[in-house]
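A short worksheet on the structure shown next.
Only the coordinates and a few stated rules stand behind these numbers; no lab work does. Note that the structure is a prediction, hence the values are computed from the model and not measured. In this analysis, Cβ positions are derived from the backbone assuming ideal geometry, glycine residues included, and neighbour counts consider all displayed protein chains.
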Amino acid sequence: MLDVLHRHVVQPLVAFKRRSRHLADLRFLERTQYDSPGEVRARQLAMLRVALEHAYDTVPYYRAAWDAAGVRPEDVATLDDLARLPVLTKADIRGHNDALVSTAFDRATLRVKTTSGSTGVPLKIYLDERGAQWKTAATLRADEWSGWRRGERVAKVWGNPEYKHHGLRGRVVNAVVDRAIYLDTIQLNDDRIREFVAALRRHRPGLIFGHAHSLYLVACRLKAMKVDDLRPHGVISTAMPLHSWQRTVIEHVFGTPATNRYGCEEVSLIACECERHAGLHVAAESVLTEVEPDGRLLVTDLSNFAMPLIRYRIGDVVTTTAAPCPCGRGLPLLATVEGRDADYVLTPAGNLISGISLTENFATQIPGTAQLQIVQETRTRLLLRLVKDDQFTEASRRKIAALVLELFGPTMTVETEFVDAIAQEASGKYRFCVSHVATDHLRGLSA
Ligand SMILES: [Zn+2]
């Protein structure tokens with residue numbers, strides 16, 4: 001009853017007050033998702049042409065880069081013509097951050113996202129309000145593919161709950177509007193998991209959402225604790241590959257299919273499985289995907305006009321499939337994604353820390369970090385492999401020491417090794433948090 005009220009009364013009121021059109025956008029996206037692949041592509045081309053004109057007219061970086069390459073937006077008459085434009089790399093974003101922001105916006109009105117991206121390279125991304133609404137709608141549509149219904153509560157197995165950064169207001173907004181239940185994966189132990197189970201039993205969320213390795217870890221502990229009464233309508237795994245051995249345990253413990261999702265902070269949702277789980281449908285109204293001959297994915301953001309990312313090489317390797325999904329949606333499919341992967345890390349006190357959340361914290365908080373990999377060599381010894389830029393100073397070293405002390409306590413030692421680059425594995429995967437300790441520990445826990 002509360003969920004229905006939330007869906008039909010609270011959410012429209014909040015959207016009205018925030019002047020957000022995302023619920024109208026959602027209705028449009030739901031209505032058109034079964035359009036034919038040809039109609040989907042035609043819509044993408046129309047959006048692309050608007051985005052390219054806008055980028056050329058108002059983003060200094062693209063005007064210079066495309067002039068140098070001798071191409072103009074009007075040269076892109078088909079989706080294939082997009083290949084005539086140059087690729088945008090992470091180094092380009094780091095090196096030309098200001099020149100990538102559109103002059104059509106007052107910067108003070110933009111959302112700013114700081115992320116370690118999918119390869120441990122910290123980036124600063126600006127997003128306009130309208131683009132954010134559109135992306136929210138695309139994400140909500142994909143959330144419902146998992147079996148969850150809008151209005152139902154969501155539980156998040158996640159590092160650094162967002163609302164905690166906004167003080168009392170954040171807590172109130174979370175209590176009334178977002179109603180999310182969190183398990184903070186920055187310091188995970190059995191007591192925290194038991195509290196989480198109690199909250200799940202109390203609030204009966206319709207969806208459990210988290211990083212693949214965290215969902216797996218929690219599922220293993222629940223299995224060992226013989227907790228088998230949690231029955232959400234859906235489970236969504238995101239931000240890293242969901243391996244089949246993880247999926248099996250998660251689905252068994254929660255009694256519902258797991259939905260694999262792929263996205264990143266830079267452009268939000270990229271692709272997500274539907275209820276048929278036959279590949280990941282691209283959020284084609286929000287991003288346009290291309291695959292380079294070696295499998296690397298290029299993403300063009302069709303909805304962020306504040307900082308257009310055009311042919312952005314995101315760092316992940318994918319395969320696509322032309323076979324239609326049995327669900328009948330016309331949205332294109334990715335078959336596989338080889339993205340970032342990370343281990344859990346074990347603290348000297350015996351808590352577990354999500355490697356993805358850990359790297360995100362370090363990479364975005366240590367000034368002058370161009371790329372980062374964290375290796376736990378023993379229970380009390382960390383190695384930071386770090387690519388630095390000219391912003392790296394003594395203050396950066398102090399920040400490293402402070403972060404290690406805060407998260408691991410005084411017995412953890414840390415050595416920083418400066419390297420030129422952090423290599424990608426042959427599969428195209430970046431493992432940016434490696435623990436030689438936690439893996440054995442986890443094996444013991446799930447036995
Ligand atoms: Zn489908």
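For the stretch 341-446, what's the relative contact order in percent, using C-alpha pairs closer than 8 Å and at least 6 residues apart?
Working: 197 pairs, mean separation 40.0, N = 106.
So the answer I get is 38 percent.
Under 8 Å for C-alpha pairs, at least 6 residues apart: give me the relative contact order for the chain, rounded to a whole percent.
16 percent
Can you give the extra length, in nm with one decimal, that the chain gains between residue 178 and residue 50 once fully stretched, where that is 0.36 nm per residue apart less the Cα-Cα distance? Mind showing how you got there, number by number?
Numbers: separation 128, 0.36 × 128 = 46.08 nm, distance 3.32 nm.
Working it through step by step, the gained length comes to 42.8 nm.
What order do you get for 105, 418, 305, 209 when you list them from fewest to most C-beta neighbours inside 10 Å? Intermediate values should be presented prior to the final figure.
Numbers: 105 16, 418 10, 305 20, 209 23.
Listing 105, 418, 305, 209 from fewest to most nearby Cβ atoms yields 418, 105, 305, 209.
Neighbour counts of other C-beta atoms within 10 Å: give me 307, 225 arranged from fewest to most.
Numbers: 307 25, 225 12.
With the fewest neighbours first, 307, 225 line up as 225, 307.
Return the distance in nm (one decimal) between the two label points of a simple spin-label model at residue 164 and residue 39, each offset 7 Å from Cα along Cα→Cβ.
Each label point lies 7 Å from its Cα, and together they span 4.5 nm.
What Rg and what Dmax come out for the chain when only alpha-carbon atoms are used, in angstroms?
21.8, 64
Along the Cα-to-Cβ line of residue 321, 7 Å from the Cα, sits a label point; which residues in the stretch 244-270 have backbone N less than 15 Å from it?
244, 260-261, by backbone N distance to the label point.
Where in the stretch 105-179 are there trypsin sites (Lys or Arg not before Pro) that are in a DSSP coil and have at most 15 other Cβ atoms within 10 angstrom of their Cβ?
Taking the stretch 105-179 and a limit of 15 other Cβ atoms within 10 Å, the loop trypsin sites (Lys or Arg not before Pro) found are 149.
With only alpha-carbon pairs counted, each pair once and no self-pairs, how large is the Kirkwood hydrodynamic radius of the stretch 341-446 in angstroms?
Numbers: mean 1/r = 0.0713 Å⁻¹.
Mean inverse Cα-Cα distance, inverted, gives 14.0 Å.
Report, in listed order, any pair from 164/388; 135/156; 124/399 with a Cα-Cα distance greater than 23 Å.
Cα-Cα > 23 Å for 164/388; rest within.
Given just the C-alpha atoms of the stretch 315-403, how large is their convex hull per residue in cubic angstrom?
Per residue, the Cα convex hull of the stretch 315-403 comes to 148 Å³.
What full-extension length gain, to one decimal in nm, is calculated for residue 202 and residue 294 as 0.36 nm per residue of separation minus the Cα-Cα distance?
28.2 nm
Between residue 413 and residue 106, what FRET efficiency comes out of the Förster formula 1/(1 + (r/R0)^6) with R0 = 35 Å and r the beta carbon distance, rounded to 0.05?
Efficiency at R0 = 35 Å is approximately 0.15.
Based on the mean of other beta carbon atoms within 10 Å per residue, what is the order of 5-11, 310-316, 276-282, most packed first?
On the way: 5-11: 14.3, 310-316: 21.7, 276-282: 20.1.
Per-residue Cβ counts within 10 Å, averaged per peptide and sorted highest first, yield 310-316, 276-282, 5-11.
For the pair residue 98 and residue 393, what calculated FRET efficiency results from E = 1/(1 + (r/R0)^6), where r is the Cβ-Cβ distance and R0 = 25 Å, to the nearest 0.05?
Working: r = 21 Å, r/R0 = 0.85.
It comes to 0.70.
How big is the C-alpha Rg of the stretch 13-56 next to the rule-of-thumb value 2.2 N^0.38 Å, as a ratio?
This ratio for the stretch 13-56 stands at 1.51.
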